[in-house]
Amino acid sequence: MLFPQKQKSKAQLDSVLPPSGSQDNVSAETKSSDDGHSTDSRPVTIDCLPITKAAQRDLLQPPHGFVSRRIDIDTWTPPNLWSLSKRGKRSKRMDYLFVLFGILVGVLASGAVIGLGIFSFMSDQHKYCLALDEQFDGPLNTNIWSREVQVGGFGNKEFEWTTASSNNSYTKDGKLYITPTLTADAIGEGAVTNGYTVNLTQSGECTAPRVPWMDRTDSEDIRMASIRNADVNCQISSNSTLGTVIPPVQSARLTTNASFSMRYGRVEVRARMPTGDWLWPAVWMMPRDSVYGEWPKSGEIDLFEGKGNQARSRTEQLSNTMRSALHWGNDATTDQYLKTNQVSTLWRNLWNDEFHTFGLEWDEHGIWTWRDSRARRVLNVRFKEPFINQMPKVQLQNGGGMVPAPNPWSKSTNNGAPFDQDFYLILNLAVGGTNGYFADVGQPWSNDDPRAAATFWSQRASWLPSWGSVEKRSMVIDYVKAWKRC
């Protein structure tokens, strides 16, 4: 081929010029003067020389030696790929089949979960009728709500004196307030620690049933019997020498024991919980008749339990956490609530920041609780087998040694016993206690200290500022609703 000619270097010219001596295609004219200087000089040119393909490549290749890697489609032969072989194709088909099989299994599993959920939801659908609708629009309806008045700490050795005073439980702006106040504001600071006696039996205010000492059974330990004794619940004296104090905080505990109870149904409570160290708000239920015996034989249903202490990190379970639980067992030492206990934790809009709705659903098949929506379950206990099957086979007897655990629900044929009897509602705000509920928070008292209440009161500078205003430290209930089967 003919290639357009440009000026070339000597090395390039040497590679393409004919051998020396050949004058066929080269002409040069040189005219010299007598003194040897050139009088006519023109550059040597090549007038379209025929060159080889190798020479073309040499001429086109850049100085840095770049080599093109483009494939010549006319001469390229595809490699012998394994994926195009019979075994490769077979393996590829198997891969597709495995993927399709996984998708199919996932679809079937999802369908099964959805189907079981729908079945469970439909099985929970009973015909219910509204039986309690308390909106707190007027004064507290004492035909529905009874105030419990005690100083005994309700078995937890709590530090509050529950009163019938309107300072501690009242309605305002269509809401129920349960507000803790200092006992010193009512009786004087000195009376809290020395020289004062509270006798609720004498004043006729005590609501604790009197259980004489001689009624104590052999299986009941002395501590529990003393708690049940009406004198402990209704009478207390302050003595600085002994370290006994009048309960340093007054609060309230409201129940429907005398007016409303239910066996199976729904409960819904909308409330905002209190802010303040060692405050213990609760929405719960207790058996009306205690068919199977003393607590916890006849059970306890906790819809909501919380703490007023502000959480400082996500690992803490304080004002950001609610607990739902069922209590059941032969006695306090064999209470199996840890097997039927769940928590729900928020990271913003906490229980004490704004109002939340708490619900309970209960039938012969199980009990479950929820918060803010029925889709957000907290506790879900199904009565698939009798509770006795989940109890330890033996337990420690009072005199020492192990004995077979008795079955307190033997007279019932229901798997749900003891949760197959009437329960009533309780709304209360407790303060402190020595049962271990606050043990994980670094409390300023010891649960083993018989003077725990006195220590709590002496350390008030560490906790009282956290209580804030009346609005903040109060448990505020917007409404309470309950449905029974029609």
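Residues are listed down the side, and each one gets a yes or a no for (1) closer than 30 Å to ASP277 by Cβ; (2) modelled with pLDDT of 95 or more:
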residue: PHE121; (1), (2): no, no
residue: ASP124; (1), (2): no, no
residue: TYR128; (1), (2): no, no
residue: LEU132; (1), (2): no, yes
residue: GLY138; (1), (2): no, yes
residue: THR142; (1), (2): no, yes
residue: GLN150; (1), (2): yes, yes
residue: SER166; (1), (2): yes, yes
residue: LYS172; (1), (2): yes, yes
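If you check PRO408, PRO450, PRO444, PRO404, which single one turns out to be over 26 Å from GLU354 (Cα atoms), modelled with pLDDT under 95 and in contact with a Lys or Arg (Cβ under 8 Å, 6 or more places away or on another chain)? Working first, answer last.
Numbers: PRO408 fails: modelled with pLDDT under 95; PRO450 fails: in contact with a Lys or Arg (Cβ under 8 Å, 6 or more places away or on another chain); PRO444 fails: in contact with a Lys or Arg (Cβ under 8 Å, 6 or more places away or on another chain).
Residue meeting the stated conditions: PRO404.
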Handout entry: Subset of region 142-180 [within 29 Å of ALA454 (Cα to Cα) and among the basic types (Lys, Arg)]
Key = ARG147, LYS157
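Across region 300-347, what is the total count of residues that are basic (Lys, Arg), assigned to a loop (DSSP other than H, G, I, E, B) and at pLDDT 95 or above?
Pass one, region 300-347, residues basic (Lys, Arg): 307, 312, 314, 323, 339.
So of that shortlist, the ones also assigned to a loop (DSSP other than H, G, I, E, B) come out as 307, 312, 314.
Checking the rest, the ones that are also at pLDDT 95 or above come to 307.
Count: 1.
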Handout entry: Filter pass, SER344 being surrounded by 23 or more Cβ atoms within 10 Å (Cβ to Cβ), in contact (Cβ under 8 Å) with a residue 24 or more places away in the chain and more than 17 Å from ALA439 (Cα to Cα)
Key = no
Fill in the blank from the handout: When region 365-407 is checked residue by residue, the ones that are within 14 Å of ALA417 (Cβ to Cβ), surrounded by 12 or more Cβ atoms within 10 Å (Cβ to Cβ) and free of Cβ contacts under 8 Å to residues at least 40 places away in the same chain are PHE383, PRO386, ILE388, ASN407
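So which of ILE236, ILE222 is at pLDDT below 50 and under 43 Å from the mean Cα position of the chain (by Cα)?
Details: ILE236 fails: at pLDDT below 50.
Within the list ILE236, ILE222, the selection yields ILE222.
Considering only strands (runs of 3 or more DSSP E) fully contained in region 138-216, which possess at least 3 residues that are within 23 Å of SER259 (Cα to Cα), under 33 Å from the mean Cα position of the chain (by Cα) and in contact (Cβ under 8 Å) with a residue 40 or more places away in the chain? Break it down into steps so the answer makes sense when it comes.
Values: elements: 160-162, 169-172, 175-178, 197-199.
Hits in region 138-216: 175-178.
For region 421-437, state whether one or more residues are without any contact (Cβ under 8 Å) to a residue 60 or more places away in the chain and not aliphatic (A, V, I, L, M).
Here is the first cut: in region 421-437, the ones without any contact (Cβ under 8 Å) to a residue 60 or more places away in the chain are 436.
So of that shortlist, the ones also not aliphatic (A, V, I, L, M) come out as 436.
Yes, some residue in region 421-437 is without any contact (Cβ under 8 Å) to a residue 60 or more places away in the chain and not aliphatic (A, V, I, L, M).
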Exercise for the section: Output yes when any residue across region 449-461 is exposed (fewer than 15 other Cβ atoms within 10 Å of the Cβ) and acidic (Asp, Glu), and no when none is. Expected result: yes
Exercise for the section: Please name all residue pairs, on different chains or six or more residues apart, with Cβ atoms under 8 Å, provided the first residue is in region 84-101 and is free of Cβ contacts under 8 Å to residues at least 40 places away in the same chain and the second residue is outside any helix (DSSP H, G or I) and loosely packed, with under 10 Cβ neighbours inside 10 Å. Expected result: GLY88/LEU81
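The values are calculated or read from the model by the stated rules, or taken from the named source; none is laboratory data. No experiment lies behind these values; they were computed from the predicted model shown. Positions of Cβ are backbone-derived with ideal geometry, glycine not excepted, and every protein chain shown enters the neighbour counts.
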